[in-house]
Each structure stands twice: as C-alpha cells, then as structure tokens.
Amino acid sequence: MTAPTLSFHLKELHNAGLIAARREGRFLFYSTRFDRMKGLVGFLTDECGENMTLVTMYHNPGCGTSRNTLALIRNAGVEPTVIEYLKTPPTRETLQLLLLRMQMRPRELLREKGTPYAELKLGESHWTDEQILDFILAHPILMNRPVVVTPWGAKLCRPSEAVLDILPLPQAGPFAKEDGELVIDSEGRRVR
C-alpha cells in the first residue's frame with residue numbers, strides 16, 4: 001500500500017472515531033480506540049448478521065486446544081476465518097504482523113512437543129529472531145497454536161479459554177472442553 005493511500009485510510013478511520021491520532025513533531029502516531037471498535041462490531045453484528053467474519057484463527061484440527069478454542073469462538077456466535085496453517089502456512093510478513101500484535105518474540109511462538117524443535121537445537125540461545133522465523137517458515141509445525149486475531153487483539157490461546165480475553169462477546173450457552181472441563185456455566189459466566 002502506498003504512503004498516500006495509507007494516510008487516506010488512517011485519516012478516514014480517525015474521522016470515524018475508530019482510531020486516535022497524536023502529533024509529535026512532523027510525525028502522526030495512531031492508536032486504536034477499542035471502545036469505539038467494540039461499538040462498531042456490535043452494530044455490524046446486530047445489523048449485518050451475527051455470522052459476519054471478524055475473527056481469524058490459525059488452527060490445527062489435530063490439536064484439542066485448537067478445537068476447543070474454535071468451539072468457544074462459535075459459542076459466541078462468530079464463524080471465524082479458519083486458516084489451517086499446516087496446509088496454508090503464513091508468510092514471513094504475516095508472522096511478523098501476528099507477533100507484533102501479540103507483542104511476542106518469535107521464540108515465544110515456538111512449539112516443542114511433536115516438532116523438530118530438539119532435533120534443530122532451537123533451545124540454544126544463539127538463534128536470532130530472523131533465524132527462528134526461517135525455521136517456522138520451513139517447518140510450520142513449529143508454530144504454536146491456536147493463534148486468534150479479533151478486533152480486540154491477537155493472542156496465542158493456550159489454554160483455549162484465553163480466547164475470551166480477546167473476544168468479549170456473550171456466550172450462547174454453557175461450554176465444556178472436550179475433556180469435560182467446564183469453561184462457561186449455564187448463566188454464560190466464565191468459570192475458568
């Protein structure tokens with residue numbers, strides 16, 4: 001996206017009250033106004049249909065935590081965009097943006113269990129962030145899951161109920177994980 005195009009869109013979002021701007025010298029710094037964004041999401045959900053996709057999930061259907069997270073998102077009435085990242089791995093740029101949004105370093109996204117982590121000696125401290133990204137790109141199974149992006153934030157959702165921190169929508173009913181552990185009670189309240 002060109003700088004003038006980006007500036008135009010940021011100005012429009014600012015004019016709509018969805019982002020705040022502050023000037024420091026000749027630079028403008030923008031930040032999201034989550035209260036306004038939440039109101040917009042509520043409006044869009046009410047007026048445009050509750051299945052509107054505003055959530056993206058990097059999912060591994062073979063992972064119980066990932067399946068439970070997906071079920072919690074759906075229990076909130078949201079049908080997310082599901083990316084099976086082992087079949088469609090994220091690009092370097094997407095990984096960098098996800099890490100930025102989650103305020104994580106690449107090493108924090110690494111998964112050890114069931115991966116070539118030990119074989120590649122990724123526990124050694126000499127690997128740079130860029131090198132770790134190279135390993136994740138070469139071996140997507142090294143990316144821990146599930147990663148969820150919502151209008152309220154992005155998070156590695158381990159345990160699965162961590163998704164509720166970035167999806168503050170009412171749950172449709174009680175919810176228990178696959179192992180029977182209760183997460184949402186019959187009143188729609190978070191238990192864990």
Restricted to region 141-150 and to residues being surrounded by fewer than 24 Cβ atoms within 10 Å (Cβ to Cβ) and under 9 Å from the mean Cα position of the chain (by Cα), the residue farthest from M102 (Cα to Cα) is T150
Read through the list (1) modelled with pLDDT under 95; (2) surrounded by fewer than 20 Cβ atoms within 10 Å (Cβ to Cβ); (3) more than 15 Å from the chain's Cα centre (by Cα), then give the number of the only condition that T94 fails.
-> (3)
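Return yes when L167 is in contact with a strand residue (DSSP E or B) (Cβ under 7 Å, 6 or more places away or on another chain) and either under 26 Å from R67 (Cβ atoms) or of a type in the set (S, T, Y) (or both) and no when it is not. It would help to see each step written out before you state the result.
Working: in contact with a strand residue (DSSP E or B) (Cβ under 7 Å, 6 or more places away or on another chain): yes; either under 26 Å from R67 (Cβ atoms) or of a type in the set (S, T, Y) (or both): yes.
Taking the combined requirement at face value, the residue satisfies it.
Conditions tested, residue by residue: (1) of a type in the set (S, T, Y); (2) crowded, with 17+ Cβ neighbours inside 10 Å; (3) under 30 Å from S186 (Cβ atoms); (4) touching a Pro at 6+ places or on another chain (Cβ under 8 Å).
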site	(1), (2), (3), (4)
V55	no, yes, yes, yes
P61	no, no, yes, no
L70	no, yes, yes, yes
Y85	yes, yes, no, yes
L99	no, yes, no, yes
M104	no, no, no, no
L120	no, no, no, no
A138	no, no, no, no
G153	no, no, yes, no
Note on region 162-176: residues touching a residue at least 40 places away in the same chain (Cβ under 8 Å) and closer than 19 Å to E187 by Cβ are L164, L167, P168, L169, P170, Q171, A172, G173, F175
Just one of (1) crowded, with 17+ Cβ neighbours inside 10 Å; (2) modelled with pLDDT under 95 trips up T2, so point out which.
-> (1)
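For region 119-161, enumerate the residues that are of a type outside the set (A, V, I, L, M), touching a residue at least 40 places away in the same chain (Cβ under 8 Å) and not in a helix (DSSP H, G or I).
Our first condition is that a residue be of a type outside the set (A, V, I, L, M); within region 119-161, this holds for 119, 121, 123-131, 134-135, 139-140, 144-146, 150-153, 155, 157-161.
Narrowing further to those that are touching a residue at least 40 places away in the same chain (Cβ under 8 Å): 140, 145-146, 150-153, 155, 157-161.
Answer for region 119-161, where residues must be of a type outside the set (A, V, I, L, M), touching a residue at least 40 places away in the same chain (Cβ under 8 Å) and not in a helix (DSSP H, G or I): R145, P146, T150, P151, W152, G153, K155, C157, R158, P159.
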Pairs where the first residue, in region 58-85, is on the phi > 0 side of the Ramachandran plot and the second is surrounded by fewer than 19 Cβ atoms within 10 Å (Cβ to Cβ), C-beta under 9 Å, 6+ apart | G77/T45; G77/E50; G77/N51; G77/P170; G77/A172
Starting from region 96-118, keep only residues that are within 13 Å of I141 (Cβ to Cβ), then list their pairs with residues that are basic (K, R) whose Cβ atoms are within a distance under 9 Å, requiring at least 6 positions of separation or different chains.
-> R111/R145; Y117/R111
Under the condition of being under 24 Å from T94 (Cβ atoms) and in contact with a Phe, Trp or Tyr (Cβ under 8 Å, 6 or more places away or on another chain), which residue from region 24-65 is modelled with the lowest pLDDT?
-> M37
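Only residues that are among the aliphatic types (A, V, I, L, M) and either in a loop (DSSP other than H, G, I, E, B) or touching a helix residue (DSSP H, G or I) at 6+ places or on another chain (Cβ under 6 Å) (or both): list them for region 162-177, please. Steps first, answer last, please.
Residues of region 162-177 among the aliphatic types (A, V, I, L, M): 162-164, 166-167, 169, 172, 176.
Correct list: V163, I166, L167, L169, A172.
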Residue within region 5-18 that is assigned to a strand (DSSP E or B) and either modelled with pLDDT of 85 or more or surrounded by 13 or more Cβ atoms within 10 Å (Cβ to Cβ) (or both) present | no
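The values are calculated or read from the model by the stated rules, or taken from the named source; none is laboratory data. Fair warning: this is a prediction, and the values are worked out from it, not measured in the lab. Cβ sites come from the backbone with ideal geometry, for glycine too, and all protein chains shown count toward neighbours.
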